[in-house]
Amino acid sequence: MAEAVLVDLFGLKLDSQKICHQTLLKTLNSIHCRHAPKAKFLCIMSCSNVTQERDREHDLCDLEAGNGFPLVMRDFETVSNPSVAASLYAIKQKIDEKNLSHIKVVVPEHRKMFMKAFIGQLFTAVYDFEFEDLQVAWRESLLKPVTEVNAPTIHQPEEIQSEIETYLRGLPALKGELSIITSPLIPDLFIHGFTTRTGGISYIPTLSSLNLFSSSKRRDPKVVVQENLRRLANAAGFNAEKFYRIKTDHANDVWTMGRKEPESYDGIVTNQRGVTITALGADCIPIVFADPVKKACGVAHSGWKGTLLGVAMATVNAMIAEYGCNLKDIIVVLGPSVGPCCFTLPRESATSFHNLHPSCVRQLDSLNPYVDIRKATRILLEQGGIIPQNIQDQKGDLDLCTSCHPDKFFSHVRDGLNFGTQIGFICIRE
């Protein structure tokens, strides 16, 4: 059952004959009768092209009040913009505000593939689409396709992508300016930082606004995340075209860039200049590693499982093995993560942290003790030979709990399954 119904009139212009208006009215009435009783959102998408000739032809917004449209239109919301990208993005926002997922698109046959291409870019697998032909009297020339607005085909992916990217670039930043947390321990040879949640364009509350990861389970499409990344790259000074994310498995595998890429890994190391590597975080710790002597770097994603499996030292050991790094030269910075104030584990799992060091666990006798994954990570790094003063896990907002600070950070613990993602990143300057 469709929760939302979108009627695509973007590519239509109306003849001035009264019978043309009646034909469209009959079509909309039919759609209304079939869907209004169950659908929670009815929407018409039309074109607001201010340069079109207004003396002979009219779009939906120009219909006269006497044509009967006010009655049928009271249940439809009209979205009118100069571009398909702007219209569909506005409609997506309305759909997301109502938390709807099942959408029927009523579209002229000649625009179906065109619309599917736009929808494929702006929506994710969270949404379920069904398409229905818009039955209008084409052959009688009562409703005419607007060939000057578009004569779309499926063979225009570059143009479609360009239109969407251009529109998104013009959107204002949400939740304030883009902010990057850096560490004074890492020298200027490297570009590095940890993102907060401000300065992006993602509008869904738990993803707003600088969400930097898209998946089939989230409502943020890749093109929005890519625009967030573009803004971050411009602010930080790295090349967004040479950007690599960890493929998280909550384990301790490390990919050495230049070797065959595994299917999943929680660490990356490289000595390639101009390449940005990044670890995801939304309560888990994004960790950045830098060796200014051998000019190598790394990142790791350390959740509670990865912490116990030693992903941080696995990354260090990869730098030593691949690039001849010395333990005394490696700098390690822990990005923002969930604190022991908010993170609990079942007693059986928490006991493993207690065995590492009692200070890593609070209230061990409870069913769900509080666990300090940051302290555990520092202990493991020091046990592995990293010099204590070369580890930064506090000061400068680095030790703020992600769950306790909804204004600054995303959090899985706090926000549930539809959480946003911040990152830790590093790059050797070219």
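The values are calculated or read from the model by the stated rules, or taken from the named source; none is laboratory data. If you're wondering where the values come from, they're calculated on a predicted model, not measured in any experiment. Cβ placement follows ideal geometry from the backbone for every residue including glycine, while neighbour counts extend to all protein chains displayed. Side chains are part of the model used for accessible areas, which takes the heavy atoms of the whole protein and leaves out ligands, DNA and RNA. Shrake-Rupley method; radii C 1.70, N 1.55, O 1.52, S 1.80 Å.
How big is the gap, in Å, between the Cα center of the stretch 405-430 and the Cα center of the stretch 188-238?
Between the Cα centre of the stretch 405-430 and that of the stretch 188-238, the gap is 9 Å.
In a shell of Cβ-Cβ distance under 15 Å around ARG347, excluding ARG347 itself, what net charge do Lys and Arg (+1) and Asp and Glu (-1) give?
-1
How much accessible surface area, in Å² rounded to 10, belongs to the heavy atoms of LYS328 with a 1.4 Å probe?
120
Whole number please: convex hull volume per residue of the Cα set in the stretch 371-430, in Å³?
Dividing the Cα hull volume of the stretch 371-430 by its residues yields 148 Å³.
Hey, if we sort PHE353, PHE129 by accessible area with the 1.4 Å probe, largest down, what's the order?
Descending order: PHE129, PHE353.
In a shell of Cβ-Cβ distance under 13 Å around LEU212, excluding LEU212 itself, what net charge do Lys and Arg (+1) and Asp and Glu (-1) give?
Values: positive: ARG197, ARG218, LYS222, ARG230, ARG231, ARG245; negative: ASP220, GLU227.
Once positives and negatives cancel, what remains is +4.
In debye to the nearest 20, how big a dipole does the stretch 190-272 give about its Cα centre with +1 on each Lys and Arg Cβ and -1 on each Asp and Glu Cβ?
Dipole size: approximately 240 debye.
Which residue, GLN363, SER302, CYS401, has the largest displacement toward the positive end of the dipole of the chain when charges sit on each Cβ (Lys, Arg +1; Asp, Glu -1)?
GLN363
Below 18 Å, Cα to Cα, which lysines can LYS260 reach? Residues fewer than 8 away in the same chain don't count.
Hits, sequence-local ones excluded: LYS242, LYS247.
Which trypsin sites (Lys or Arg not before Pro) from the stretch 174-235 combine a DSSP loop assignment with at most 16 other Cβ atoms within 10 Å?
LYS217
Of the candidates THR377, THR78, THR27, which one comes out as most mobile in a Gaussian network treatment of the chain with C-alpha springs shorter than 10 Å?
THR27
Regarding the chain, what whole-number volume in Å³ per residue does the convex hull of its Cα atoms give?
160
To the nearest 20 debye, what charge dipole does the chain have about its Cα centre, counting +1 at the Cβ of each Lys and Arg and -1 at the Cβ of each Asp and Glu?
520
If you bin every alpha carbon distance in the stretch 287-364 into 5 Å steps from zero, what whole percent lands in each bin?
Per 5 Å bin, starting at zero, the Cα-Cα P(r) for the stretch 287-364 comes out as 3, 14, 22, 19, 15, 12, 9, 5, 1 percent.
In degrees between 0 and 90, to the nearest 10, how far off the longest principal axis of the chain does helix 311-323 point, with axes built from Cα atoms?
80
Per the Cauchy relation, a quarter of the hull surface: what is the mean projected area of the convex hull of the alpha carbons in the stretch 260-332, in nm²?
Result: a mean projected hull area of 5.1 nm².
What angle, in degrees between 0 and 90 and rounded to the nearest 10, separates the Cα long axis of helix 84-97 from the longest principal axis of the Cα atoms of the chain?
Orientation of helix 84-97: about 70 degrees from the principal axis.
Just want to confirm a number: the relative contact order over the chain, from Cα pairs under 8 angstrom separated by 6+ residues, in percent.
14
Roughly what % antiparallel, to the nearest 5, for the DSSP beta bridges in the chain?
Beta bridges within the chain, antiparallel portion: roughly 55 percent.
How many percent of the accessible area of the chain is carbon or sulfur, using a 1.4 Å probe?
Looking at the chain in its full context, I get 49 percent from C and S.
Taking the chain as the reference, fit the longest principal axis to its C-alpha atoms, fit the long axis of helix 347-356 to the helix C-alpha atoms, and give the angle between the two in degrees, 0 to 90, nearest 10.
The helix 347-356 is inclined about 40 degrees to the chain.
Go ahead and estimate [θ] at 222 nm for the chain from helices alone: -39,500 (n - 2.57) per DSSP H run with n ≥ 4, summed, over the residue count, rounded to 500. Could the numbers behind the result be given before it?
Details: 11 runs with 120 residues, N = 430.
Result for the chain, helices only: -8500 deg cm²/dmol.
Once both labels are modelled 7 Å past Cα along the beta-carbon direction, what's the GLN93-THR351 spacing in nm?
Using points 7 Å along Cα→Cβ, the separation is 5.3 nm.
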